[in-house]
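Structure record follows, encoded as structure tokens.
Nothing in this text is a laboratory measurement; each read-out follows from the coordinates by a stated rule. These numbers come from a predicted model, not from an experiment. Cβ sites come from the backbone with ideal geometry, for glycine too, and all protein chains shown count toward neighbours.
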Amino acid sequence: MAACNRKRPAAVHATTAQHQQSPTRCKRSRAFIGSTDDYVEVNSLGQGGFGVVLRLRHKVTKKDLAVKFLSSPDETEEGPDVEDLYREARFLEACKGNPYVVGFEGLVHNLDTGDVGLAMEYVEASSLESLLRGRRAGPPLPESTVRDFMWKLLTGAEMMHNRHVVHRDIKPGNILVGETRELVKICDLGLAISLSDKPPYNQAGTAPYMAPEMIMGKRDYDALVDTWSIGCVFAELLTGKTLFACDGQDDDDDDKIKVDIYQLWSIFRVLGVPDERTWPGFTSLPHTTEALRLLPAGHNHSRLRDLFPEEKLSEEGFQVLQGLLTCNPDKRLTAAAALKHPWFAAPRSTAAAAGAKVDALSPAMPEKDVLKIPLDVWNAAQRV
């Protein structure tokens, strides 16, 4: 398992109060599988603001795990809250059986220090971010490869959303890819929330992959913030570059509104500035007035097709991309709706087809609890 780096540009974390809510409305996980004395450290898989991920090997079974330990406090920062680790463990438990989310193994206790580690399956994979960075000088990925990858990513997201889990930080750095690209795993659920917990929800995630409604201050967003992020990943798979990168943004800028305006501008200059016709309720969002005051005039039309012409992406593929990258969340594709699109009717790889059989065996939430799926959403997006 590659490290899930927590050093993220303009990331906004959930408040302590929100972290204290139970993601599944039940007691925190106590699935301890032993102490660190039972393991030997193989190597460090990475570290960041969240702490460190270590590869540990069981002394008897020789099984490898990827174990995440939170950062230790220093003189200037508030100490890590073990509840954050328990929350992430509960989300991983909720996603059990999802072949496209990294597996949960339990919790490991360091008896000497009292630290708790989150144990996950160890997989031989690197991050999609590393893969794309290594390909920037080469040819783009074929559309068939991108389609196969997107099917796995959307299937993983659909299963996650069916369990009311919203990741909130899907990006190339939080997606693991095997060497042959058959293995795809979403990782790092440290910023996830449960839709079983009622809003308001805070802004969280990584700015270039953050949905516009979240940036605009909407506090009752839902799983569609994830499908926006997946749309951003889709675009990056095609070009190798971040679609909504914000060149003018200063990570150290303490003016939160200014940072948000920079990010909105990076979105609206590609997709056009929304209005009440294209996004009913847009003008009543908390940050709309300030955003419209500061954003440059014009840019009312989408340039998305110009950036992804037919020689780069077929019409059916573009309909999926456009449906995911729709500013109005009521018209945005859910993961389930996107997977029903004709673009995915083409044959998939053998491994992907095998994954579909696993998905079919996975229990779904009761109908009353399943997230809503907009009907004919991609056709509605075409009429905007």
Query raised in the report: Hey, how many Å between the Cα centroid of the range 192-243 and the Cα centroid of the range 87-107?
Result: 20
Query - Greater than 32 Å apart at Cα, pairs in 198/340; 68/312; 185/312; 62/340; 68/152 - result: 68/312; 62/340
Query - Of the GluC sites (Glu not before Pro) in the range 258-344, those whose Cβ has at most 15 other Cβ within 10 Å and which sit in DSSP loop - result: 276, 310, 311
Requested in this report: Provide the net charge surrounding residue 311, with neighbours chosen by a C-beta distance below 13 Å and charges set as Lys +1, Arg +1, Asp -1, Glu -1.
Outcome: -2
Report summary line: In nanometres, the difference between 0.36 nm per residue of separation and the alpha-carbon distance of residue 196 and residue 62 is 44.4 nm
**Report entry** Length added when fully stretched, residue 292-residue 305, from 0.36 nm per residue minus Cα-Cα
**Finding:** 2.2 nm
**Report entry** GluC sites (Glu not before Pro) restricted to DSSP loop in the range 98-188 with at most 12 other C-beta within 10 Å
**Finding:** 124, 179
Query - For peptides 194-200, 257-263, 168-174, sequence by mean Cβ density within 10 Å, most packed first - result: 168-174, 257-263, 194-200
Report summary line: Quick calc: nm separation of the 7 Å Cα→Cβ label points for residue 180 and residue 112 -> 4.1
Requested in this report: Restrict the search to the range 263-316; then list the trypsin sites (Lys or Arg not before Pro) that DSSP places in a loop and that have at most 11 other Cβ atoms within 10 Å of their Cβ.
Outcome: 277
Report summary line: Of the convex hull drawn through the C-alpha atoms of the range 266-325, the volume per residue in Å³ is 92
**Report entry** Extension gain, residue 121 back to residue 239 (0.36 nm per residue minus Cα-Cα distance, nm)
**Finding:** 39.4 nm
